[in-house]
């Protein structure tokens, strides 16, 4: 297998939606069905912001898309494939959390390389891809740094690079900027938009900040008490 090829060749000239939810229900921690009758379509290369206050169900829905919470009803499709019963590691989703969740025992380069190593890419290909990701997120020369020495913004850039390194079919971002101060958050929101646009990445971005949603996303979907209520471009 060519390690640079992460998506199958196809003769279909119309890309399948990156994500399609059809009347999906998601249970929080395998108990209460918090997400009800969710309908959402994310086109190829589209960035959708999921906007709502704390406790509205944003992260629960995102985790359900990733397969980390239990889907109780409906159909979930990714690139034309029904994934209701597909385990998390086979959904080809990248995920960036609020705290980054970097591996403390790996330096910056090896954090970014983690998914590539798991996929058994050749060493030379990994090095080339890691260098490209460091350039993409503006951290050239940081490969040998210990992650404990990074600022909050730098750590989130590494987490983003790690998630993008394997070219996932869908990127899920769970309030990745919310722990940063306002000035840095605004600057990184613009950088994140640039990176997603440059890579053509399909993404769902969870946030409670309307300005952030407007900066990063092509379209904003609002969620209230576990229900998707309106959508705005």
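The values are calculated or read from the model by the stated rules, or taken from the named source; none is laboratory data. Everything quoted here is computed from the prediction, not taken from an experiment. With ideal geometry, Cβ positions are generated from the backbone for all residues, glycine too; neighbour counts draw on all protein chains shown.
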(message) Given the criterion closer than 24 Å to residue 90 by Cα, surrounded by fewer than 22 Cβ atoms within 10 Å (Cβ to Cβ), touching a helix residue (DSSP H, G or I) at 6+ places or on another chain (Cβ under 7 Å) and touching a residue at least 24 places away in the same chain (Cβ under 8 Å), identify the matching residue among 215, 199.
(response) 199
(request) Residues being assigned to a helix (DSSP H, G or I) and more than 24 Å from residue 178 (Cβ to Cβ): count how many of those fall in the range 96-114. (result) 2
(request) Starting from residues that are touching a helix residue (DSSP H, G or I) at 6+ places or on another chain (Cβ under 7 Å) and surrounded by fewer than 18 Cβ atoms within 10 Å (Cβ to Cβ), keep the ones in the range 177-192 and report whichever is farthest from residue 51 (Cα to Cα). (result) 184
(message) If the requirement is being under 18 Å from the mean Cα position of the chain (by Cα), farther than 19 Å from residue 91 by Cα and touching a residue at least 24 places away in the same chain (Cβ under 8 Å), which of these qualifies: 150, 164, 136, 171?
(response) 136
(request) Return the total of residues in the range 181-203 being under 13 Å from the mean Cα position of the chain (by Cα) and closer than 21 Å to residue 58 by Cα. (result) 6
(request) Assess whether residue 206 counts as being surrounded by 16 or more Cβ atoms within 10 Å (Cβ to Cβ) and more than 17 Å from the chain's Cα centre (by Cα). (result) no
(message) Of the conditions (1) at pLDDT 95 or above; (2) in contact with a strand residue (DSSP E or B) (Cβ under 9 Å, 6 or more places away or on another chain); (3) surrounded by 13 or more Cβ atoms within 10 Å (Cβ to Cβ); (4) farther than 19 Å from residue 228 by Cα, residue 97 satisfies every one except a single condition; which number is it?
(response) (1)
(request) Keeping to the range 36-89, report how many residues are assigned to a strand (DSSP E or B) and under 19 Å from residue 220 (Cβ atoms). (result) 10
(request) Would you mention how many residues in the range 24-47 are touching a residue at least 60 places away in the same chain (Cβ under 8 Å) and under 20 Å from residue 213 (Cβ atoms)? (result) 9
(message) Would you confirm, using the coordinates I've provided, whether residue 156 is within 26 Å of residue 81 (Cβ to Cβ) and crowded, with 17+ Cβ neighbours inside 10 Å?
(response) no
(message) Among the residues in the range 33-40, are any surrounded by fewer than 15 Cβ atoms within 10 Å (Cβ to Cβ), at pLDDT 80 or above and within 20 Å of the chain's Cα centre (by Cα)?
(response) yes
(request) May I ask you to say which residue of 50, 21 is within 18 Å of residue 207 (Cβ to Cβ) and either touching a residue at least 12 places away in the same chain (Cβ under 8 Å) or exposed (fewer than 15 other Cβ atoms within 10 Å of the Cβ) (or both)? (result) 50
